[in-house]
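Chemist: What follows is a structure written as structure tokens; I'll ask about it next.
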Amino acid sequence: MKQLLLFFVLTLSAFAGPLSGKRVASFTLADATGKYYDVLDFRGKVLLIDIMKTNCPHCQALSRTLEQVKAKYGDKLAVLSIVNPPDDPKTVSAYIATYKVTNPVLFDFGQATAAMLRITPQNPSISLPTLLIVDAQGIVRSDLVYSDSQSGSFAANGLTSLIDKALGAAAAAPKKK
């Protein structure tokens, strides 16, 4: 039992990437219909921010998983997916239909993604999918970058413990007066 607990603690700490504990960068982005979504509108809920590409097989698998997670947690959390060029309204519409995506898919030209992931000339790369789990106060609790060794964390069971942790952080946060 102690070994299992140690494994669980070490596994959770593996998801505490460089963005964990920091406030999520603010952004306002539009979907294909022109409706704008502001990250600040989601304060008070756990927010999953999925940075993806429509032709990425791991992103496609994550979209399926996010639909399962949304069904489990209901209105306790929200999901926003973000795409960058070359994705466009046509590729996104096909993606939404194929993978039955129910969350907004937002269009970025790199600025919001760069701010959230702290992309700079010294750190110019991005791996997809990248998933940020943001607590109700706007603090990144987990930042997951897909790799073969981390693939289990992108499964519904792997995400559940991280989402529960973010929901617990919301319950433990001091109430504003």
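The values are calculated or read from the model by the stated rules, or taken from the named source; none is laboratory data. These figures come from a predicted structure and were not determined experimentally. All Cβ positions, glycine included, derive from the backbone under ideal geometry; neighbour counts span all protein chains shown.
Chemist: Could you tell me which numbered condition Q122 fails, if it satisfies all but one of (1) exposed (fewer than 13 other Cβ atoms within 10 Å of the Cβ); (2) part of a helix (DSSP H, G or I)?
Modeler: Status for Q122: all satisfied but (2).
Chemist: Just name the residue that is surrounded by the most Cβ atoms within 10 Å (Cβ to Cβ) out of those in the range 129-162 that are in contact with a strand residue (DSSP E or B) (Cβ under 9 Å, 6 or more places away or on another chain), of a type in the set (A, V, I, L, M, F, W, C) and over 17 Å from L117 (Cα atoms).
Modeler: Only one residue fits best here, namely L159.
Chemist: Go through the range 48-58 and give me each residue that's outside any loop (DSSP other than H, G, I, E, B) and in contact (Cβ under 8 Å) with a residue 24 or more places away in the chain.
Modeler: L48, I49, D50, I51, H58
Chemist: Would you point out which residue out of A112, A61 is surrounded by 13 or more Cβ atoms within 10 Å (Cβ to Cβ), within 23 Å of T160 (Cβ to Cβ), touching a residue at least 60 places away in the same chain (Cβ under 8 Å) and small (G, A, S)?
Modeler: A61
Chemist: Output the qualifying pairs, or none if there are none: Cβ atoms under 8 angstrom, residues six or more apart or on different chains, first residue in the range 23-35 and more than 14 Å from V83 (Cα to Cα), second residue part of a loop (DSSP other than H, G, I, E, B).
Modeler: From the range 23-35, the pairs are R23/G138; V24/G138; K35/P104.
Chemist: Please work out which one of (1) at pLDDT 95 or above; (2) under 21 Å from G168 (Cα atoms); (3) surrounded by fewer than 16 Cβ atoms within 10 Å (Cβ to Cβ); (4) in contact with a Ser or Thr (Cβ under 7 Å, 6 or more places away or on another chain) is the condition L12 fails and give its number.
Modeler: Status for L12: all satisfied but (1).
Chemist: Moving to a separate point now. Kindly list the number of the only condition in (1) part of a loop (DSSP other than H, G, I, E, B); (2) in contact with a Gly (Cβ under 9 Å, 6 or more places away or on another chain) that fails for R141.
Modeler: Only one criterion is unmet by R141, namely (1).
Chemist: Just to check your reading of the model, which residue among G34, G21, G44 is under 16 Å from V79 (Cβ atoms) and surrounded by fewer than 15 Cβ atoms within 10 Å (Cβ to Cβ)?
Modeler: G44
Chemist: Working only within the range 97-119, note down all residues that are out of contact with any Phe, Trp or Tyr (no Cβ under 9 Å at 6 or more places or on another chain), more than 20 Å from V69 (Cβ to Cβ), not in a strand (DSSP E or B) and not β-branched (V, I, T).
Modeler: Scanning the range 97-119 gives A97, F109, G110, A114, L117, R118.
Chemist: Still on this structure, I have one more. Is one or more of the residues making up the range 153-170 in contact (Cβ under 8 Å) with a residue 12 or more places away in the chain and under 18 Å from T54 (Cα atoms)?
Modeler: yes
Chemist: Would the range 17-29 turn up any residue that is touching a strand residue (DSSP E or B) at 6+ places or on another chain (Cβ under 7 Å), polar (S, T, N, Q), assigned to a loop (DSSP other than H, G, I, E, B) and at pLDDT 95 or above?
Modeler: No, every residue in the range 17-29 fails to be touching a strand residue (DSSP E or B) at 6+ places or on another chain (Cβ under 7 Å), polar (S, T, N, Q), assigned to a loop (DSSP other than H, G, I, E, B) and at pLDDT 95 or above.
Chemist: Tell me which residues, restricted to the range 30-47, are over 18 Å from K90 (Cβ atoms) and either touching a helix residue (DSSP H, G or I) at 6+ places or on another chain (Cβ under 6 Å) or assigned to a loop (DSSP other than H, G, I, E, B) (or both).
Modeler: Within the range 30-47, R43, G44, K45, V46 meet the criteria.
Chemist: Could I ask something else about it? I'm told K70 meets every condition in (1) part of a helix (DSSP H, G or I); (2) out of contact with any strand residue (DSSP E or B) (no Cβ under 7 Å at 6 or more places or on another chain); (3) of a type outside the set (D, E) except one. Can you identify the failing condition by its number?
Modeler: Checking K70 against (1) part of a helix (DSSP H, G or I); (2) out of contact with any strand residue (DSSP E or B) (no Cβ under 7 Å at 6 or more places or on another chain); (3) of a type outside the set (D, E), the one that fails is (2).
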